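Below: one structure, written as structure tokens.
The values are calculated or read from the model by the stated rules, or taken from the named source; none is laboratory data. Quick caveat, the model's predicted, so the values are computed rather than measured. Glycine also receives a Cβ, built like all others from the backbone with ideal geometry; neighbour counts cover every protein chain displayed.
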Amino acid sequence: MKLAKCSIVILQWTLGLVVLIEAGLLAFSSPEIRSFHKAGLPDAVRLVLAWGEILGAVVFLIPRTVVLGGWILIVVFLAASGVHLLHGMWNVGMLLIYVAAAYAVMTNRAVRA
């Protein structure tokens, strides 16, 4: 496997697994649920973001559907960034890095296809 291809596969799996774990915590972890409630956000927003990330991450990890999964993740990350910003939470840097990583994997896969 060429080094560039290997690095994209590593980025794909790292992003997919990290997002899957974090989304699982957002969906099911009591401290995360309490934190979300303290921010004054409805439970439905937490569940839509968490399940959107889970769906996107799973689809992103499948080689044939990586581009679709990447688009799902980008939409969810941008929506989460919007929710953060609308509530005065300026810590969206990691979400933007996730968007860039998903886009890098997607475009690399699309070029090779």
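Computed quantities for the displayed model
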| item | result |
| --- | --- |
| Members of the stretch 72-93 that are in a helix (DSSP H, G or I) and more than 10 Å from the chain's Cα centre (by Cα) | Ala79, Ser81, Gly82, Val83, His84, Leu85, Leu86, Gly93 |
| Pairs where the first residue, in the stretch 57-84, is modelled with pLDDT of 95 or more and the second is among the acidic types (Asp, Glu), C-beta under 6 Å, 6+ apart | Val76/Glu53 |
| So Phe36, is it aromatic (Phe, Trp, Tyr) and under 11 Å from the mean Cα position of the chain (by Cα) | no |
| Meets criteria (in contact with a Ser or Thr (Cβ under 8 Å, 6 or more places away or on another chain) and surrounded by fewer than 16 Cβ atoms within 10 Å (Cβ to Cβ)) for Leu47 | no |
| Residues that are at pLDDT 90 or above and surrounded by 15 or more Cβ atoms within 10 Å (Cβ to Cβ), drawn from the stretch 24-44 | Gly24, Leu26, Ala27 |
| Test set (1) assigned to a helix (DSSP H, G or I); (2) of a type in the set (A, V, I, L, M); (3) surrounded by 14 or more Cβ atoms within 10 Å (Cβ to Cβ) - Ile21 fails condition number | (3) |
| All positions within the stretch 25-68 that are assigned to a helix (DSSP H, G or I), of a type in the set (Gly, Ala, Ser) and closer than 25 Å to Thr14 by Cβ | Ala27, Ser35, Ala50, Gly52, Gly56, Ala57 |
| Pairs with Cβ under 8 Å, 6+ apart, first in the stretch 19-33 and under 8 Å from Ile54 (Cβ atoms), second among the basic types (Lys, Arg) and buried (at least 17 other Cβ atoms within 10 Å of the Cβ) | Ala27/Arg46 |
